[in-house]
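Structure first, commentary second.
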Amino acid sequence: MPVQVTKKDKETSQNLVHRFTKTVRQSGTLLQIRKGQFFKRAKSALVKKRSALRKVRRRAEKLVEDKMAKPK
């Protein structure tokens, strides 16, 4: 739904911009856009499973590296 504002007779450009911003705020389109700005889809089950397995593998590798490291 586009917001449309036409200039009235003897209206300054500043008043026109003010009226336009007011109608945009009242329409609520800006809020809808801001809500969707940082929307992230939920991860699928397969992606969750793979990332969990990757974490497990990394932890195991780190544990082995710590055991094999030279003592301080």
Notebook entry, point to check: Of Q26, Q14, Q37, which is the most mobile in a GNM of the chain whose springs link Cα atoms less than 10 angstrom apart?
Noted result: Q14
Margin query: Only helices at least 15 Å long along their own axis, judged from Cα atoms, and with Kyte-Doolittle mean hydropathy of 1.6 or greater: name those in the chain from DSSP H.
Written below: none
Next item on the list: Please give the calculated 222 nm ellipticity per residue for the chain, where each DSSP H segment of at least 4 residues contributes -39500 (n - 2.57) and the sum is spread over every residue; nearest 500 deg cm²/dmol?
Entry: -22000 deg cm²/dmol
Margin query: Test of the criteria: in the chain, which GluC sites (Glu not before Pro) are in a DSSP loop and have at most 13 other Cβ atoms within 10 angstrom of their Cβ?
Written below: E11
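Write down the Å³ per residue value for the convex hull defined by the alpha carbon atoms of segment 13-68.
125
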Check: Most mobile of K62, K40, K49 per a Gaussian network model of the chain (Cα springs, under 10 Å)?
Finding: K62
Next item on the list: Pick out, in residue order, every one of the chymotrypsin sites (Phe, Trp or Tyr not before Pro) in segment 9-57 that is DSSP loop and has at most 12 other C-beta atoms within 10 Å; say none if there are none.
Entry: F38, F39
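None of the figures in this text is laboratory data; all of them are computed from the coordinates on show. Not measured: the values here are computed from a predicted model. Using ideal geometry, Cβ is built from the backbone for each residue, glycine included, and neighbour counts are taken over all protein chains shown.
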